[in-house]
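Below is one structure, written out as structure tokens; the observations come after it.
Bear in mind these aren't lab numbers, they're just calculated from the coordinates by the rules spelled out. Values in this document were obtained by computation on a predicted structure and should not be read as measured data. Note: ideal-geometry Cβ built from the backbone for every residue, glycine included; neighbour counts use all protein chains shown.
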Amino acid sequence: MKPDLKNILNHLQSFYILSIKAPLGMFSRPFYLRETIEQMDYAGAGSFLIVILVSLFIGMALSLQTSVELAALGLKMYTGKIVGVSIIREIGPVAIALSYAGRVGSGMASELGSMVLGHQVDILRVFGVDPVKKLVTPRVLSSIIMLPALTLVGDAVSLLGGYYIAVFVSHQSGPLYWSQIKDIMDFNNIFSGLSKPFLFGYLISCISCYMGLSTTGGARGLRKATTTAVVLSTILIIITDFALTRILIFILGMKV
Amino acid sequence: MIAFQDVTISFGEKTVLRELSFQAEFHEKIAILGGSGEGKTTILKLILGLLRPDRGRIIIDNQDITTMSEAELRKIRMNFSIVFQEGALFDSLNVYENVAFCLREHTSLKENEIEQEVRRLLKRVDIEDAIYLMPEELSGGMQRRVAIARSLAACEPKMILYDEPTTGLDPLTAENICSLINELSEGSPPDRKGFIAVTHKVTDAAKVAERFLFVKDGKIEFDGNLEEMIRTDNGTLKRFINELLILGDSHV
């Protein structure tokens, strides 16, 4: 993969085609249900523990930082509100997506990359099987289902972590914390927080599968494909998050 | 019929095949000889339309495949099956599922019928006992046997393409694989199933093939039968054969 303009345009074109073909594959036969379930298990159940850990500590750290700053202003009672909004709208979806890119995205890129290097993808084509439909569509579908589900779990665990710090470290009232959380659970916040993981899941899976399928050059090429998949996913998650936040603020009529 | 007409292909700066031309019938037993990196596997991939040449035409069954779409190529590929060097078995599937793969994708057979067919194919390549093993539990020779069984399940190909079928195997296992290749291409032309085997093991090639092509610097330097190859005046080919014979194939 040389960084010349023609090469970059070729890659962009191929990525564009893959990212259109992969989701369209869900609506035509054959349906690879078994592969999709396997991917959901790998992406969802396999990431569960990591998501719990990451979310718990993010929630606790955020609650701790917020409590310290608000205590100085005498506004500790607002900890729940700030933690809740930050987690649900922003930090939860982004942190879980980044963990997902690191664990699942890299796994997808390396698995498909080694299938390419081991000629397994060639064999699929020789047997008349479309590799995008067989390999990419189940991964994209499982990602757009499992990442939002993981985000829901992660948000809940983060809020619990925040509660622990607010009540047992910062000595605030538990019911007050939960009433603050309840207050911010409106349509705008929930929609903002839950729409992002769908797009992140789609982006991570398409990028990772594309990088895997375009692997060349042995073990070194595989390392490069995996690293590029994670780096590109990370950058795109951050940029897309900003763009999506801007769009959602506009669509939902929120004031800046 | 397969026809390569002035086929050129490059990977980056390196030109692998230069205006290479040859013709072959589906029933022929062909060995393509040549050193590492001479583009032997590339020829197989070009036949299957897995790669497209930069210049030249590839005609299969009177159709130019170089301009075909992926959907059109699928029909052309039905004529062939391929056994890659390391077998290229799907490592997430066991032996049974690997061999059943094509049957599940392309036929409406019931599971018990698929099992019968898989057992028949595994028996044919003499590896029935390994039916529920995973690919990583198989030796190199066993992996190649399973790959051959899987290739036979692929909609009755007219021709099988072998990519270095005996490389990396001990002499006895290599001998077994050669016997199997011969067995699968039994019969008289034009009814038999032909093959193209790319290899640098000339003694193994001599056991199975009737026609030999020698690729050097992206071109075919020799095209003939075993007798003609042994008597060749081509210095490079002579050295290639002599070197292999003197060293003993398995040492190279």
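Here are the numbers for the structure shown:
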item: Distance in nm between pseudo-label sites at A:Ile247 and A:Lys21 (7 Å out along the Cβ direction from Cα); result: 2.5
item: Partner chain coverage, peptide B:67-79 - average Cβ within 10 angstrom; result: 2
item: Most to least packed among A:232-239, A:17-24 [average Cβ atoms within 10 Å]; result: A:232-239, A:17-24
item: In Hz, Karplus ³J(HN,Hα) per residue of region B:73-86 (6.51, -1.76, 1.60; θ = phi - 60°; x = Gly, Pro); result: 5, 4, 5, 4, 5, 4, 6, 10, 9, 10, 10, 7, 3, 9
item: Inter-centroid distance (Cα atoms) of region B:1-37 relative to region A:35-84, Å; result: 59
item: 5 angstrom amide H check on B:Phe222, placed H, neighbours 5+ away; result: B:Phe214
item: Bins of 10 Å from zero: percent of alpha-carbon pairs in chain B; result: 7, 30, 35, 22, 5, 0
item: Whole-angstrom gap from region B:150-187 to region A:103-182, using each part's C-alpha centre; result: 43
item: Alpha-carbon Rg/Rh ratio, for the protein assembly as shown, with Rh computed the Kirkwood way; result: 1.11
item: Residue order, fewest to most beta carbons within 10 Å, for A:Val129, B:Val146, A:Val121; result: A:Val129, A:Val121, B:Val146
item: In sequence order, calculated HN-Hα J values of region A:86-96 (Karplus, 6.51, -1.76, 1.60; Hz; x Gly/Pro); result: 4, 5, 5, 7, 10, 5, x, x, 6, 5, 5
item: Percentage relative contact order, chain B, counting C-alpha pairs under 8 Å, at least six apart; result: 26
item: Per-residue mean of C-beta atoms belonging to partner chains within 10 Å, peptide B:6-16; result: 0
item: Label point distance in nm, B:Ser188-A:Val169, each placed 7 Å from Cα along Cα→Cβ; result: 8.8
item: Amide H partners (placed H, <5 Å) of B:Glu210, local residues excluded; result: B:Lys29, B:Ile30, B:Ala31
item: Base-10 log of normalised Debye intensity for chain A (one unit scatterer per alpha-carbon) at q = 0.10, 0.11, 0.15 Å⁻¹; result: -0.56, -0.65, -1.02
item: Contour excess over end-to-end distance, with Cα ends at A:Lys255 and A:Thr216 and 0.36 nm allotted per residue; result: 9.2 nm
item: Contact order relative to length of chain A, as percent, for alpha carbon pairs under 8 angstrom and 6 or more apart; result: 31
item: Inter-label distance, nm, simple model (7 Å from Cα along the C-beta direction), B:Ile230/A:Arg29; result: 5.6
